[in-house]
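FYI, it's all coordinate maths here, none of it is from the lab. Keep in mind the model is a prediction, meaning the values are calculated, not measured. FYI the Cβ positions are ideal-geometry reconstructions off the backbone, even for glycines, and counts take in every protein chain you see.
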């Protein structure tokens, strides 16, 4: 899954207009123009398509966390260099922003027709150096985003 796909799916699931998405970037101290956002949301075969970088996607998610949960105690959000796979970071940041419990995530995955065990889920949230750490694959993230859209769009 590309970062553009993730951004597109999140924007749909959260039912965000362009201005709302740009506002999330601004909350994370990242300036994004409307044409730039539209280029990231475009399909790969469209002429104005541009690839969305890891830092831009993570800034969007940081803005979502700030919007939903407020600023972190102890100071502003800092974005270190990406030290683990982006899919895992996306999954972790969405869990924080939407205040999801394991049961919620498992229910969303099941709603999308993707059944996993609790141990498989918790392995995605471990530190990369942990012996039971597992990378979040594209299929896993795609099904989670689908379940998220089903839940949020039908509430």
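Computed from the C-beta positions of residue 46 and residue 92, the FRET efficiency with R₀ = 41 Å rounds to 0.85. Extending 7 Å from Cα along the Cβ direction at residue 73 and again at residue 34 yields two label points whose distance is 4.0 nm. So the label point goes 7 Å from the Cα of residue 15 along Cα→C-beta, right? Which residues of region 113-155 then have their backbone N under 19 Å from it? Under cut-off, by backbone N: 145-155. By the helix-only formula, in which each DSSP H run with n ≥ 4 contributes -39500 (n - 2.57) and the sum is divided by residues, the chain has a 222 nm mean residue ellipticity of -17500 deg cm²/dmol. Springs join every pair of Cα atoms under 10 Å in this Gaussian network model of the chain, and among 93, 131, 118 the largest mean-square fluctuation is at 131. Extension gain for the segment residue 107 to residue 1, taken as residue separation times 0.36 nm less the Cα-Cα distance, is 36.0 nm to one decimal. Between 57, 145, 121, the GNM of the chain built on Cα springs shorter than 10 angstrom shows 121 fluctuating the most.
For region 22-78 and region 87-101, write down the distance between their C-alpha centroids in whole Å. Taking the Cα centre of each part, region 22-78 and region 87-101 sit 15 Å apart.
Going by alpha carbons, how many degrees (0 to 90, nearest 10) lie between the helix axis of 54-69 and the longest principal axis of the chain? Taking the Cα atoms of the chain, the angle to 54-69 is about 80 degrees. If you wrap the Cα atoms of the chain in a convex hull and average its projected area over all directions, you get 9.6 nm².
Taking other C-beta atoms within 10 Å as the exposure proxy, 99, 73 rank 73, 99 from fewest upward.
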